[in-house]
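Bear in mind that the values in this text are calculations on the coordinates, not laboratory data. Quick caveat: nothing in here was measured; it's all calculated off a predicted structure. Backbone-built Cβ (ideal geometry, glycine too); neighbour counts: all protein chains shown.
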Amino acid sequence: MNELTSFGRGGRQPGQFYGVHSIAVDSKGNIYTTETFEGKRIQKFVFKGMGKVMRGAKQGSVWPRRS
């Protein structure tokens, strides 16, 4: 088993993760994540179809870089 891609980064904004506790997928391919730390939230990522993914490419929000 090889990781093909990933999405999201650390953070507190939509699409970012502070401390994921659970991940689930429904019958339509939507992904749900829950966080139990200070974020205390659920996020829904809507399935929008399949496409090509470049190996090692990161998907989603970008973690802010320090200057």
>> Tell me the net charge near ASN30. Cut-off is 11 Å between Cβ atoms, ASN30 excluded, with +1 for each Lys or Arg and -1 for each Asp or Glu.
In response: +2
> At a Förster distance of 22 Å, what's the computed FRET efficiency of LYS40 paired with THR5, Cβ-Cβ distance as r, to 0.05?
Replying inline: 0.20
> Residues in segment 1-35 near a label at PHE47, defined as backbone nitrogen under 15 Å from the 7 Å Cα→Cβ point?
Replying inline: 24-33
> What full-extension length gain, to one decimal in nm, is calculated for ARG12 and ILE31 as 0.36 nm per residue of separation minus the Cα-Cα distance?
Replying inline: 5.1 nm
> Rg and Dmax of segment 1-47 over Cα atoms: what are they, in angstrom?
Replying inline: 11.2, 33
